[in-house]
Each structure stands twice: as structure tokens, then as C-alpha cells.
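Every number here is computed from the coordinates shown, using simple stated rules; none is lab data. Note that the structure is predicted; figures quoted are calculated from it, not measured. Here the Cβ positions follow ideal geometry from the backbone for every residue, glycine too, while neighbour counts run over all protein chains shown.
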There are 2 protein chains.
Amino acid sequence: MKILLITGMPGSGKEELLNVARSMDIPFLRMGDIVREFHETSGAAAKGLSVGQVANGEREKHGKDIWAKRAIERMSGDIFLVDGCRSLDEVNSYKGLSDEVYIIAVHASRLTRYNRLIKRGRDDAPKDMAEFDERDNRELGWGLGSVIALADYMIVNDSDLETFQSKVRSEMEALR
Amino acid sequence: MKILLITGMPGSGKEELLNVARSMDIPFLRMGDIVREFHETSGAAAKGLSVGQVANGEREKHGKDIWAKRAIERMSGDIFLVDGCRSLDEVNSYKGLSDEVYIIAVHASRLTRYNRLIKRGRDDAPKDMAEFDERDNRELGWGLGSVIALADYMIVNDSDLETFQSKVRSEMEALR
């Protein structure tokens, strides 16, 4: 089974990539969903623990690759996308569990990403460039830059949506 | 003056980019050359100091942006390429000194880069994948991944040389 780890800076276009994958019936899961679900069902939420505390607590208890293990348990078929890989530790967890792990990075310039997040206007949209840079730096601090630099496939998303969708589609066709 | 900071992992194709720039009469300098020249002419080499010691010593004495300052003093014209930017500290040194600083990243997959370095066979070619990964990790440890992740332009170099050269040429034409 090919495991494709999707990575990219905030606003680069990861969600659009997942939309294309969905339209091609390629299954995917989000690391964050697995952690949040566990947080709810394990009773940790009721005890007042945060999602981050639970994520780290489980890593300490069961090893750094516990979330990758739990994610893989849910996978089936020939190809699976995983969203939310932000550090080489996580990448290496997957690589330790499977021989067919590939990193797919989506890239857009800082200014393009900023304008997109503003236009998208989600609850977590930055209120200004300083807040945007702060979020970038937080994610880079987790090692996101190293994951992007080591990507097996780099999809540049710096023009219009149709061009990007068509690039993603042909990359996915080649991979499956 | 536009200052273009060239970045990329070992074997990604930075040298080929510089060859194209040279053929277009776009001037460039290497951060490493400036430091090595200073190492020779300042008498530090004669005192037995290493290039790295001199680089750090000058930063401590004159500030983190000393090498960017010395590089800019040598620049003239409308556009200038700088090779050898490996950390956001260095990028920010340039951004603090000029309003027109852009990061241009060259990307290729780990396997493509490894095969290229082996084929190129320079003195510093890795003897195996472990040595190659070690060098990758050393450069990522300096923050190279963050510089790549924040690139204003990402040029993917994953097919043949002619395709890459033509991508670089059109990017450079658009920039100058």
C-alpha cells in the first residue's frame, strides 16, 4: 500500500489537493482527526486534558510512532493519503512501518498564501501579516520545513485553481 | 536592486541555475567565497583559524548580518544572485538591508538528488545513502528547510536538464 504524506505551509493548497483526491476516490485521513477522536472517546476530554497533552502523553506511553501506527490500522487498499505531517519524526514513523511512503508537498509563495488565507476567511484566518508569519514560524519550528525540503513530489500552486487541480490529478494518476 | 537568494538541498540543481544565470549575464556571488576570501586576506588562515571560526567570529564582532552587508557592498546593477543562503537568519539579514529580496528554491526528490551527486562524482560526492542523508540532515539542521519552505519561487528540477534550464530562463526573464 502506498502511503502519501501530504505537507505544505498554511494556505499552500493542501485542502484543494485533498478535494481532488476525494473526487478520484482516493481515501485519506487527517492525523488531527485521529488524535481528536481519541481525545473525545478515551475520556481525556472529560478529564480536562487538551488535545496536545493527549497526543504527547500517548507518544510518551507507547512510543513516538503511536499515531502513525493507529493511522495505518485504519488504512486499506492500494493507496492512502495522510494529511497533517509536520515533522521528520512523523515521516520516519511511517517509514519505519511501511516501505512505500512518499512525501507530497504543495508549495506557494508567502504572499500568495497570505492572500489566500485572507480571501478564504476561515475562523483561523490571520488578522495581519505579523500573525501569519507567527503561524508560519510555529509550524517551521516543528520541523515542517525539513519535511517540505525532503518531499518526493513538489506541486507548485502559484497560479489558478484549475492549473493546480490538473497538476494534482496527473500526479495522483501517475502514483496510483 | 533585486537580490535573489538561491537555495536548495544538495544535488537539487543550484549550480545549473547559476550556469543559466551566467549565460544571461546576471551577476552572482557565493557567500562562501566572501568568507573564504576574508579568511585568506585577514590573516586568519595564517593564524590557523578555520573558515567556520572566522565566519562566526565576525558575526559575533559585527552582528549576525555582517556577511550579508559585505556581500551587498560588492553588488551593483538591477539584479544580483546570491548562492549559499542556508538559514532564515541569513535571509532576514538581507531583508533588513534591502526591500527587494526574493528566495528562489530549486527542488528535486531525495532519490533524484542522490543519483545526481553520485553521477556528478565531485570530491564531496557521498559514498552511500547514509552519508548523503547525513549531509541532508546537517544542512536541514542549519534551517535550510525553512528557507526552502518560504521560497518566493520554487523551481522543480525533476526531469531532464533542458526542461530545467528553460524553466530557470523564463523565471529569470520574468524577474529582471
>> Which residues does the label zone of B:N115 cover in the stretch B:157-176, counting backbone N under 15 Å from a point 7 Å along Cα→Cβ?
In response: B:157-162
> What residue among B:M31, B:M154, B:M129 has the largest mean-square fluctuation in a Gaussian network model of chain B, using Cα springs under 10 Å?
Replying inline: B:M129
>> Going by amide H atoms built from the backbone, whose H comes under 5 Å of the H on B:G8, apart from near neighbours?
In response: B:V106
>> Less than 27 Å apart at the alpha-carbon level, and either on another chain or at least 8 residues along: which lysines does that give for A:K95?
In response: A:K2, A:K14, A:K61, A:K64, A:K69, A:K167, B:K119, B:K127
> Each residue of the stretch B:73-85 in turn: what ³J(HN,Hα) in whole Hz from Karplus with 6.51, -1.76, 1.60 and θ = phi - 60°, glycine and Pro shown as x?
Replying inline: 4, 8, 8, 8, x, 8, 8, 8, 9, 10, 9, x, 8
> Which ³J(HN,Hα) values in Hz, rounded to whole numbers, follow from the phi angles of the stretch B:150-155 under the Karplus curve 6.51 cos²θ - 1.76 cosθ + 1.60, where θ = phi - 60° and Gly and Pro get x?
Replying inline: 9, 4, 7, 9, 10, 10
> What's the percent breakdown of Cα-Cα distances in the stretch B:1-132 across 10 Å bins, shortest bin first?
Replying inline: 11, 36, 34, 18, 1
> Which log10 I(q)/I(0) values, to two decimals, does the protein assembly as shown give at q = 0.07, 0.11, 0.12, 0.13 Å⁻¹ under the Debye formula with one point per Cα?
Replying inline: -0.34, -0.82, -0.96, -1.11
> What does the convex hull of the Cα atoms of the stretch B:99-176 come to per residue, in Å³, rounded to a whole number?
Replying inline: 116 Å³
> Excluding B:T163 itself, what net charge comes from residues whose Cβ is under 13 Å from its Cβ, given Lys and Arg +1 and Asp and Glu -1?
Replying inline: -3
> Rounded, prolate or oblate: which fits the stretch B:24-91 when a ≥ b ≥ c are the square roots of the eigenvalues of the alpha-carbon gyration tensor, with rounded for a/c under 1.5 and prolate only if a/b beats b/c?
Replying inline: prolate
> So how do A:13-25, A:110-122 stack up, highest first, on mean other-Cβ count within 10 Å?
Replying inline: A:13-25, A:110-122
>> Could you derive backbone 3J(HN,Hα) for the stretch B:98-106 from the dihedral phi with the Karplus parameters 6.51, -1.76 and 1.60 (θ = phi - 60°), listing whole Hz in sequence and x where the residue is Gly or Pro?
In response: 8, 8, 10, 10, 10, 9, 10, 9, 10
